[in-house]
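J.: For reference, the structure I am asking about is given below.
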Amino acid sequence: MKRLLLVLIVLMVLLSPIYSVSTSGFAITYGETTYNNPSYKSSVLNYFHSQTSKDVNTATYKVITASEVNQISKDITGRTYNSNQIFSCAMVDLSYSQGIKIVVDKSKITTVTSKMYANALKSTGIENGYVVVTAPITATGESALTGVLKSYEVAVGTPIPEEAKKAATEELYTETQIANQTGQNADKIADLFDKTKQEVQKQNLQDPTQIKAIVINIAGTLNINLTDQQAQNIANSLANSQKAQSSLSDFKNQLQSATQQASQSQGIIEQIMNYFQSFVDYFSGLIGV
């Protein structure tokens, strides 16, 4: 019995530093309006908690301010926000090892879909991780991209080049505009962007004129009617995304390293917890006797 208790104590001591490591690659960003309102913050944390098995209180967090959102969005969307308009929040977990999974709280985020976020993230070299986006009140979700990107920066520990962040924001904004203007399903427009982007990357194109021809061709196969200006706007945004790729080498390398570390740490924790549970079950059996 004494030996069993000693083993349990040793396991608990060993678990302490490993739980500390497990927080690496796990980050949350709060819009400053949400963070400054206890009720809003609690609502958001409850939603994050419902979407993960991890303790959300252990996540590294960052508050996204209106000035940070405006720095990226003002030249793209023409919109500026004040400090009581930044509601959207995001959670990123790099231990997810099956590509990228994005959960959007549709009861709160009204415009941007998970596919749209995925497209924008791909433009910054991000194709893995578990992402959750929500807000305490209804919001379009466009400004949430700033929080999602910041969550990745916090989780990875490396900044995303401004050029790439602006290109991703422009792409997301163009997607939402095209969806609104054409009346098409948002995910169908996201498919148009994704398929075009794949072809652009395959051919390594940066010329908007060449990209526009691909946009028109793929739109035709998807039965999406675009005006000449709409096709040009899509081509311009994807050209900018492609041009930004050369600036992303360092971030991509750090992302890959952080993802591997987070996945390995999570795997170790699960193994130890399984062993720990077996000891607990055994100990409980002895007590029962």
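The values are calculated or read from the model by the stated rules, or taken from the named source; none is laboratory data. Note that the structure is a prediction, hence the values are computed from the model and not measured. All Cβ positions, even for glycine, are placed from backbone atoms using ideal geometry, and neighbour counts span all protein chains on display. Remember, those area values only see protein heavy atoms, side chains included, never the ligands or the DNA or RNA. Shrake-Rupley method; radii C 1.70, N 1.55, O 1.52, S 1.80 Å.
J.: For segment 244-252, in order, what is each residue's ³J(HN,Hα) by Karplus, 6.51 cos²θ - 1.76 cosθ + 1.60 with θ = phi - 60°, in whole Hz (x at glycine and Pro)?
T.: Karplus-based 3J(HN,Hα) across segment 244-252 equals 6, 4, 5, 8, 9, 4, 5, 5, 4 Hz.
J.: Grab the other residues whose beta carbon is less than 15 angstrom from that of N223, score K and R as +1, D and E as -1, and report the net. List each step's numbers first, then the result.
T.: On the way: positive: K188, K195; negative: D187, D191.
Overall, the nearby charge balance is 0.
J.: Report the net charge of residues surrounding A66, where surrounding means a beta-carbon distance below 13 angstrom and charges are Lys +1, Arg +1, Asp -1, Glu -1. List each step's numbers first, then the result.
T.: On the way: positive: K74, R79; negative: E32, E68.
Summing Lys/Arg as +1 and Asp/Glu as -1 gives 0.
J.: Compute, for segment 122-205, the length of the dipole vector about the Cα centre, with Cβ point charges of +1 (Lys, Arg) and -1 (Asp, Glu) only. Units Debye, rounded to 20. Please report the intermediate quantities before stating the final value.
T.: On the way: 8 positive and 12 negative charges, 14 e Å.
In total the dipole reaches around 60 debye.
J.: If you don't mind, another one. Using a 1.4 angstrom probe, figure out how much accessible area segment 186-247 has per residue, in square angstrom, rounded to the nearest whole.
T.: Details: 2990 Å² over 62 residues.
Heavy-atom accessible area per residue stands at 48 Å².
J.: OK, next. What does the C-alpha gyration tensor say about the overall shape of segment 126-268? Classify as rounded when a/c is under 1.5, otherwise prolate if a/b is larger than b/c, or oblate.
T.: Working: a/c = 2.16, a/b = 1.54, b/c = 1.40.
Prolate.
J.: May I ask you to give the solvent-accessible area per residue for segment 21-79, in square angstrom, as obtained with a 1.4 angstrom probe? If you can, show how the numbers build up before the last one.
T.: Details: 2850 Å² over 59 residues.
That works out to 48 Å² for each residue.
J.: Place a label point 7 angstrom from the Cα of E127 along the Cα-to-Cβ direction, then list the residues of segment 95-112 whose backbone nitrogen is under 20 Å away.
T.: Within reach of a label on E127: 95-103.
J.: Same structure, new question: Counting only Cα atoms, I'd like the Rg/Rh figure for segment 60-149, Kirkwood definition for Rh.
T.: 0.95
J.: How would you order 97-106, 231-240 from highest to lowest mean count of nearby Cβ atoms within 10 Å?
T.: Working: 97-106: 14.8, 231-240: 22.4.
Going by the mean number of other Cβ atoms within 10 Å, highest first, we get 231-240, 97-106.
J.: Per residue, how many Å² of accessible area does segment 116-169 show with a 1.4 Å probe?
T.: Numbers: 1270 Å² over 54 residues.
On a per-residue basis, 24 Å².
J.: Further, regarding this structure: Highest mean first, what order results for 163-176, 77-90 on Cβ atoms within 10 Å? Provide the component values of the computation, followed by the final result.
T.: On the way: 163-176: 23.5, 77-90: 19.4.
Packing order, densest peptide first, comes out as 163-176, 77-90.
J.: Which whole-Hz couplings ³J(HN,Hα) result when phi for each residue of segment 186-201 is put into the Karplus expression 6.51 cos²θ - 1.76 cosθ + 1.60, θ = phi - 60°, listed in order with x for Gly and Pro?
T.: So the J values, rounded to whole Hz, are 4, 5, 5, 5, 4, 4, 4, 5, 5, 5, 5, 4, 4, 5, 4, 5.
J.: Once amide H atoms are built 1.01 Å from N in the peptide plane, which residues 5 or more positions from Y61, or in another chain, come under 5 Å H to H?
T.: It is I28, by chain and number.
J.: If R0 is 45 Å, what FRET efficiency do you get for S50 and A213 from their C-beta distance, rounded to 0.05? Walk me through the numbers on the way to the answer.
T.: Working: r = 45 Å, r/R0 = 1.01.
For R0 = 45 Å, the calculated efficiency reads 0.50.
J.: If you count, for each residue, the other Cβ atoms within 10 Å and average over each peptide, how do 196-205, 254-263 line up from highest to lowest? Numbers along the way, then the final one.
T.: Working: 196-205: 15.5, 254-263: 17.5.
Final packing ranking: 254-263, 196-205.
J.: Under 17 Å Cα to Cα from K166, which aspartates and glutamates show up? Leave out anything in the same chain fewer than 8 places away.
T.: E68, D75, E142, E153, E175
J.: Using the structure shown, list the pairs from K62/K202; K106/K202; K101/K188 with a Cα-Cα distance above 30 Å, or answer none.
T.: On the way: K62/K202 36 Å; K106/K202 33 Å; K101/K188 18 Å.
Exceeds cut-off: K62/K202; K106/K202.
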